[in-house]
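Here is the structure we will look at, set down as structure tokens.
The values are calculated or read from the model by the stated rules, or taken from the named source; none is laboratory data. Note that the coordinates shown come from a computational prediction; the quantities given were computed from them, not determined experimentally. Glycine also receives a Cβ, built like all others from the backbone with ideal geometry; neighbour counts cover every protein chain displayed. Note: areas computed on protein heavy atoms with side chains; ligands, DNA, RNA excluded. Shrake-Rupley method; radii C 1.70, N 1.55, O 1.52, S 1.80 Å.
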Amino acid sequence: MTIEHFDVLIVGAGLSGVGAGVHLHAKCPKKSYAILEGRPSMGGTWDLFRYPGVRSDSDMHTLGYNFKPWREAKSIADGPSILSYVRETAAEYGVDRKIRYDHRVKSAAWDSATSTWTVTAERADTGGTASLTCNVLFMCAGYYSYRAGFTPDFPGIEDYKGRIVHPQKWPEDLDYAGKTVVVIGSGATAMTLVPAMAHTAGHVTMLQRSPTYVVSRPDQDAIANRLRKFLPERIAYGVTRWKNVTLQGLMYRKTRTDPQSVKDLILAGVRRELGPDFDIETHFTPRYNPWDQRLCLVPNSDLFAALRSDKASVVTDRIETFTATGVRLVSGAELPADVIVTATGLNMAIMGEAAFSVDGAPVDFARTWTYKGMMFSDVPNLVSTFGYINASWTLRADLTCEYVCRLVNHLDKLGATQVTPRLRDSDRGMPGRPWIDDFSAGYMQREMHRFPRQGDREPWINPQDYKRDKRMIRSGAIEDGVLTFERAHPVARARPVLQAAE
């Protein structure tokens, strides 16, 4: 059987993977590529999540691609609109013809003798497997498991007689009209669900263990919409993108240098929305500083409007146990519920949950060092997209795609077949830090021990800083004394592929 070979294999046909295909098409036109997608359709997050009100909490002028302007009036867009944008992009650039659906990647094995990755995927459509080879493997599979979301081990959950749903697997037949709903959680998903469900439910309670910072803003960017009337589309988009990136950066840096003033500003906004009699201290004042965890954006004050009405409420307490008819709280209060939604987060995944090996040795990514937040020490020809936790994902995805194209073209220029980040002698004693530093969100903290480590110097860092990344990734030299360029080895040789991060 002939195994198909591609210059580049992309894993994942979501926002990142489709963007990767467009960048390769434009900057590496002679290179062959394919996209392996585990699901039967493209779109990733925006195709998977179907819960009421699903939307972005980033503006589409920065969540959108740098090469394709966002044309809709709403900059805080709903899930179907974002999915349409991704599909339109794929069709416009021919990326849709490169996607292999129902190919869930299970393993990837690097062979130094041939400078190739052999990728094995399960075929959900046939029940079989497929093997493909490539020179460069580009992971765009996202950061969470598509198999299931995270649900804590709630005491007594088996006693509950109503319906329990997780937003990641929203059932099409769920009828909550006129019913009493409890949404457990305080993140972006919960704050989207509560106002959306309140339109038709009898009552919706957002039950949170602890509060989150919440900021309201219009779902339309008035400046962007006005600029489009007077400037060419791409120029107007570029100006708006620059404006939003700049404002996001200023806001984030302010939370690092003067968190109390940002906290006061956010809470003042909540008080204006909910009035002097609402218990802001209990329900909207977190124990941490702004951007120690992700802020929640609510468009057009929809959450606050729901809370001001009789259709929604918020309770801050801990669950003692589920009961047959709802939940009993540590305070002794009971919340009746016909439907309980566990908006309790995601399970983070490493590299699409696939198994990797280099010359027969399994790769434990937790024992590697990250190179510029996208490659891994001693692992050749592998790049992975991971966006920002403090800005729009696609800002970094675009930078990563640009870098992959530069790297692929540079390999050709040198006549090399493999490129590997390797620690310099001066790097070997550097202290290790978590992959995402200074961010206390539970879904991150649960899994950080499984991610690569970052050091204390470039390029062994993942700064989560767009301005710094542009300098390091877009402008930095490819040949930096860290990347090692080689031709295929005539004989695969055993060598350490892992460098302990301790």
Measuring from label point to label point, each 7 Å out along Cα→Cβ, what is the Leu174 to Val215 span in nm? 2.8
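Can you give the FRET efficiency for His5 and Ser261, using 1/(1 + (r/R0)^6), R0 = 51 Å, r = Cβ-Cβ distance, to the nearest 0.05?
On the way: r = 57 Å, r/R0 = 1.11.
That pair, His5 with Ser261, gives E of 0.35.
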Roughly how big is the chain's charge dipole about its Cα centre, with Cβ charges of +1 (Lys, Arg) and -1 (Asp, Glu), in debye to the nearest 20? 1360
Put a dot 7 Å past each Cα toward the Cβ at His25 and Asn300; how far apart are the dots in nm? 3.3
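From the P(r) of the range 126-263, could you give the percentage of C-alpha pairs in the tail past 26 Å? Could the numbers behind the result be given before it?
Numbers: 5347 of 9453 pairs.
When every Cα pair of the range 126-263 is considered, 57 percent fall beyond 26 Å.
What FRET efficiency do you get for Arg271 and Trp242 if R0 is 22 Å and r is their Cβ-Cβ distance, rounded to the nearest 0.05?
Working: r = 32 Å, r/R0 = 1.47.
My answer for the efficiency is 0.10.
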If unit charges are put on Cβ atoms (+1 for Lys and Arg, -1 for Asp and Glu) and the dipole of the chain is taken about its Cα centre, the option from Thr200, Trp242, Gly178 lying farthest towards the positive end turns out to be Trp242
Given 10 °C, 1.306 mPa s and a Kirkwood radius over Cα pairs, the Stokes-Einstein diffusion coefficient of the chain in µm²/s is 66
Candidate residues Ile3, Ile319, Ile35: accessible-area rank, largest first, probe 1.4 Å: Ile3, Ile319, Ile35
Inter-probe distance in nm under a simple model that places probes 7 Å from Cα toward Cβ, at Arg422 and Asp310: 7.3
Using amide H atoms built in the peptide plane, which far-off residues or other-chain residues are under 5 Å from Arg217 H to H? Val298, Asn300, Ser301
At 1.4 Å probe size, put His203, His103 in order of accessible surface, largest to smallest. His203, His103
Selection from Val339, Leu267, Ser313 lying farthest towards where the dipole of the range 251-357 points positive, charges on Cβ: Leu267
Which Cα, out of Tyr443, Val408, Gly476, lies furthest along the positive dipole direction of the range 388-496 (beta carbon charges, K/R +1, D/E -1)? Val408
5 Å is the cut-off here: which amide hydrogens, built 1.01 Å from N in the peptide plane, fall below it relative to Ala312, excluding neighbours closer than 5 in sequence? Val204
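Give the relative contact order (percent, whole number) for the chain; include only Cα pairs under 8 Å separated by 6+ residues.
Values: 1020 pairs, mean separation 100.5, N = 502.
It rounds to 20 percent for the chain.
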Spatially proximal aspartates and glutamates relative to Lys263 (Cα-Cα < 15 Å; intrachain offsets below 8 disregarded): Glu281, Asp292
Students often get this wrong, so check it: of Lys254/Lys372; Lys74/Lys243; Lys30/Lys98, which have C-alpha atoms separated by over 21 Å? Lys254/Lys372
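Mind checking the dipole of the range 130-182: about its Cα centre, +1 per Lys or Arg Cβ, -1 per Asp or Glu Cβ, Debye to the nearest 20? List each step's numbers first, then the result.
Numbers: 5 positive and 6 negative charges, 24 e Å.
Its charge dipole is roughly 120 debye.
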Counting only the heavy atoms of the protein chains, how much of Leu231 is accessible to a 1.4 Å probe, in Å² to the nearest 10? 60
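From largest accessible area down, sort Asp456, Asp59; use a 1.4 Å probe on the protein chains.
Numbers: Asp456 80, Asp59 5 Å².
Largest to smallest exposure gives the sequence Asp456, Asp59.
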With all protein chains modelled, accessible area of Arg471 [1.4 Å, Å²]: 130
Mind listing the long-range amide H neighbours of Met348? Cut-off is under 5 Å, sequence gap 5 or more, other chains count too, H placed in the peptide plane at 1.01 Å from N. Ser145
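Of all the accessible heavy-atom surface of the chain, with the other protein chains kept in place and a 1.4 Å probe, what percent is carbon and sulfur?
On the way: 10920 of 21210 Å².
About 52 percent, which is the carbon plus sulfur part of the accessible surface.
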Considering only DSSP beta bridges with both partners in the chain, what is the antiparallel share in %, to the nearest 5? 45
